1. Go through LEU43, LEU85, LEU21 for me and flag whichever is free of Cβ contacts under 8 Å to residues at least 40 places away in the same chain and either closer than 23 Å to MET145 by Cα or surrounded by 15 or more Cβ atoms within 10 Å (Cβ to Cβ) (or both).
2. Looking only at residues in segment 187-215 that are exposed (fewer than 10 other Cβ atoms within 10 Å of the Cβ), in a helix (DSSP H, G or I) and of a type outside the set (S, T, N, Q), which one is modelled with the highest pLDDT?
3. Which one of these does LEU54 not meet: (1) touching a helix residue (DSSP H, G or I) at 6+ places or on another chain (Cβ under 6 Å); (2) under 26 Å from ALA157 (Cα atoms); (3) of a type outside the set (D, E, K, R); (4) modelled with pLDDT of 95 or more?
4. State which residue is surrounded by the most Cβ atoms within 10 Å (Cβ to Cβ) when the search covers only segment 140-179 and only residues that are of a type in the set (Val, Ile, Thr) and farther than 15 Å from GLY112 by Cβ.
5. Among the listed residues SER75, SER60, which satisfies the condition of being hydroxyl-bearing (Ser, Thr, Tyr), touching a residue at least 40 places away in the same chain (Cβ under 8 Å) and buried (at least 18 other Cβ atoms within 10 Å of the Cβ)?
6. Could you tell me whether segment 81-89 includes any residue that is touching a Ser or Thr at 6+ places or on another chain (Cβ under 8 Å) and either assigned to a loop (DSSP other than H, G, I, E, B) or of a type in the set (S, T, N, Q) (or both)?
7. Write out, first by first residue and then by second, each pair whose Cβ atoms fall under 6 Å of each other, whose residues are 6+ apart or on separate chains, and whose first residue, in segment 89-116, is under 14 Å from GLY25 (Cα atoms) while the second is assigned to a loop (DSSP other than H, G, I, E, B).
8. Which pairs turn up if I take residues in segment 177-188 that are under 17 Å from LEU10 (Cβ atoms) and look for partners that are polar (S, T, N, Q) with beta carbon separation below 7 Å, at least 6 apart in sequence or on another chain?
Amino acid sequence: MSMNPEEIRLREAMAEHGRLLFARGFSVGSAGNISARLPDGFLMTPTNSCLGRLDPARISKLDPQYRHVGGDKPSKEVFMHRAMLDARPEAGAVVHLHSTHATAIACIAAPGEEAPIPPLTPYFVMRVGRSLPVIRYYRPGNPEMEPAIAAAVRAGARAVLLANHGPVVSGKSLDDAVYAAEELEEAARLALMLHGRAARVLTPAEVDDLLETFG
């Protein structure tokens, strides 16, 4: 399978991001997956792969219709990535993690809740946005969650929490998606630390200012 320099670069970047996310404990075992958009399709981490030990050459390649055309077999959660990438054409990548604090929020928050993490910091708002819809529980690998995720993204969400499962985060680039997933985990950790305390949150006007300034 021939690869252009941009695809080679993106494969190497996916492997490096995966290694760092795994090292920080944001995924364990073979949990979590990453996808990125190419001009001629998509790259996706393989099924049952460990984010800490990705081989760039074996990362799955899919065509524009998400059919497997190269590398190892893709994650069983292709549909999760397709829901985000199709509903948000400006998204260049999607990161799904089982990071501890975000997953804890996903176990506490009610399905249908739109903002289970308050706007405590500007960087959470800048990277994740105003809303973080909680999608009701589906077993891992159940494609019935695809329309639920797509509907939330079409309504304006950049990221969602899968109830009792974990976060799914998009970004304009691979770096953006990873940074947003990391910021979401940090915001979830802060929310749990501050639960029950009179924490100061950003006002609606301050949130509007951030989104208008940084997009």
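The values are calculated or read from the model by the stated rules, or taken from the named source; none is laboratory data. Quantities reported herein were computed from a predicted structural model and do not represent experimental measurements. With ideal geometry, Cβ positions are generated from the backbone for all residues, glycine too; neighbour counts draw on all protein chains shown.
1. Values: LEU85 fails: free of Cβ contacts under 8 Å to residues at least 40 places away in the same chain; LEU21 fails: free of Cβ contacts under 8 Å to residues at least 40 places away in the same chain.
Testing whether each residue is free of Cβ contacts under 8 Å to residues at least 40 places away in the same chain and either closer than 23 Å to MET145 by Cα or surrounded by 15 or more Cβ atoms within 10 Å (Cβ to Cβ) (or both) leaves just LEU43.
2. ALA205
3. (2)
4. Let us first name the residues in segment 140-179 that are of a type in the set (Val, Ile, Thr), namely 149, 153, 160, 168-169, 178.
Still in the running and farther than 15 Å from GLY112 by Cβ: 153, 168-169, 178.
Numbers: VAL153: 22, VAL168: 29, VAL169: 31, VAL178: 24.
Among those that are of a type in the set (Val, Ile, Thr) and farther than 15 Å from GLY112 by Cβ, it is VAL169.
5. On the way: SER60 fails: touching a residue at least 40 places away in the same chain (Cβ under 8 Å).
Every option except SER75 fails the conditions.
6. Going residue by residue through segment 81-89, those that are touching a Ser or Thr at 6+ places or on another chain (Cβ under 8 Å) are 81, 84-85, 88.
In the following step, the residues that additionally are either assigned to a loop (DSSP other than H, G, I, E, B) or of a type in the set (S, T, N, Q) (or both) were identified as 88.
Yes, segment 81-89 contains at least one residue that is touching a Ser or Thr at 6+ places or on another chain (Cβ under 8 Å) and either assigned to a loop (DSSP other than H, G, I, E, B) or of a type in the set (S, T, N, Q) (or both).
7. These pairs meet every condition: HIS96/GLY32; LEU97/PHE26; LEU97/SER27; LEU97/GLY32; HIS98/SER27; HIS98/ALA31; HIS98/GLY32; SER99/PHE26.
8. ALA177/SER170
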